[in-house]
Each structure stands twice: as C-alpha cells, then as structure tokens.
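Engineer: Please read through the structure below; I'll follow up with questions.
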Amino acid sequence: MAAMSKIAAWAGVARAPFLLLPVTLVAAGVAAAAYDDRAYILPSVLALIGLVALHAAVNAFNEASDMQTGIDLHTARTPFSGGSGTLPSGALSVGGARGVGTAGSIIGLAMGLYFLVRVGWWPLSLVMAIGAVSVLTYTNVFARVGLGEIFAGLGLGLLPVIGTALVQRGVVGPAAWAAGIPACLMTFNLLLLNEFPDELADRAGGRRNLVLLLGRRSGGTGRSGGAPRVPGGALSLARRAPPPAAPGRGGPGSRPPGPPPAPARAPPRGARGAGPRGAPRTGGRRPAA
C-alpha cells in the first residue's frame, strides 16, 4: 500500500493526466515525417519516452517551486490549474518532487544523446539546447519575466514536433513546420488560459505572466483572438507543403527507378502514307463532303 501511495504521489507531481500532450506532439511529428518521406518505429518510441520524461520533469520542478514560494497554498485548484495538491497534502516532500524532476531530466538527456549519435549533432543540438533551457529554467526564470508562455509553446509545442520529425532521418520537412507551429500556439493558449484562475496567487508568488503584465482583459483578448487563427494557419501551411513522396521515390516529382523511356523517333523522310507531323496523306485530292 505504501508503494502504491508513493507511485501515486510521483504521478501527482508529474501531473500524469497532462502527459497526454507529449503523446499528441510525438504523433504529430511522426505523421509529418511520414508525410514528407517516412517514419520509423524505434526513434518514434524513444522520442516519446524522452518527451514524456521531460514534460514530467517540468511539472515536478514547477510543483516544487510553487510549494516553496507559497503559490500552491493560496490557489483554488481546478482540473486544469492550481497544481496537483500533492505537496500541500504532505504526500510527497519538495525534495521528492525535485527528485522526480531530476529523474525525468536524466531520461530525456539520455534519449537526446542517443539521437545525437544516430542523426548528428546539427541541428538537433540546437533543439536540445532550447528544450533543456526551457525545462530547467522555466519556473524560476521565464515564468517570472513574462516569457513563460513563449517558452512553453516552444518546449511543449513546436520543438517536440519538429524534433520528432528530425530524429527520423535527420531532416525537418515542411509538413513538420506545418504541424509544429499550430502546436506551439495551442500550448501557448493552454498555459495562458490556466493563468487566469491563479492570478492572485501568482502575483503573490512573484510570477510575471501575461495575465499579470497585460491584465485580464488584454490577456483574454489575445487568447480569444489567437485561438481561432490556429486551424486556419494550420490549413494554410499544410496547403503549401509539397505532396507526400510515393513509396520507392526520392521525393515529389522524382522519376521512378529504372531506365528512362526511349525518345520518340520521327518517321523517315519520304515515307509513304505520312505527311507533316504524321498526318495521313490525301493524295492532293479534297475529301468528299
């Protein structure tokens, strides 16, 4: 029973119900890679493990920080905001939450190092660097200087989608960008929406998110104005992406393997029964009406 309660506490600080987000992001990246060219099972599974671990790490570090600053002690918890309540209930210590975050970071780092060896260091190293900065400094840096929503959109939106596509063959196709940009905007909006119920507690805890910087009216206008543009932007980007490559082809418009077709031969000059451009001769006589 004690072991089960400990696992439940770990899942609580990891915010297990929200870990479906990285599943959808990896699925989008795999689908985009398959659309552009092809996708593979092993890198897709490893990317999913690494991203879920990193998302759990962000959540656990955030829970630990909110407990220390007192934010979680003054929030009205909802299914989407206010923290999990695991630390205020005493089910796990702040150190235990940091342990969950550290474990998730190590797993994510291990997956990243594997992919660096497999597909090369550039541009994957840039994606990993931005992701690592987002994980380790989101709570104590970006969420306190008005950049939390942007880096959440990058780290849990755009970068996972294009990163998943990148680890398939080492390239990022246009379909990955078409899927990643709307994912970035939706994660941005999701975090912004969750900040409204926590406004007073976030202000007391020293956070500086868009709701606090711009006010509830401006923040709500930005969210409601941006959300309807996401589907339209996705359709616009998808229309500009080239069609998928057929199996066995190198890309759109490429010729299937095999020798090129023989060029058409012109009929010999003076051949009977053929006129200019192969038209049948009429012998100079006008056809009957």
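Derivation of every value follows stated rules applied to the coordinates shown; laboratory data play no part. Computed from a prediction, not measured in an experiment: that's the story for all the values here. Neighbour counts are summed over all protein chains in view; Cβ atoms, including those assigned to glycine, are modelled from backbone coordinates with ideal geometry.
Engineer: Students often check this: by mean Cβ neighbours within 10 Å, which of 11-19, 110-118 ranks highest, and how do the rest follow?
Structural biologist: 11-19, 110-118
Engineer: For segment 2-240, what does the alpha-carbon gyration tensor say about shape, rounded, prolate or oblate, given a ≥ b ≥ c as the root eigenvalues, a/c under 1.5 as rounded, and a/b over b/c as prolate?
Structural biologist: Oblate, since a/c reaches 1.5 and b/c is not below a/b.
Engineer: Please list 203-212, 162-171 highest first by mean number of surrounding beta-carbon atoms within 10 Å per residue.
Structural biologist: 162-171, 203-212
Engineer: Residue by residue, what Karplus-based ³J(HN,Hα) values in Hz, rounded to whole numbers, does segment 192-201 have, using 6.51, -1.76 and 1.60 with θ = phi - 60° and x for Gly and Pro?
Structural biologist: Listing the rounded values in order: 4, 4, 6, 7, 5, x, 9, 4, 5, 5 Hz.
Engineer: May I ask you to order 47-59, 26-38 by the average number of other C-beta atoms within 10 Å around their residues, highest value first?
Structural biologist: For the peptides 47-59, 26-38, the packing ranking is 47-59, 26-38.
Engineer: Using the alpha-carbon centroid of each, what span in Å lies between segment 27-71 and segment 117-184?
Structural biologist: One Cα centre to the other: 10 Å.
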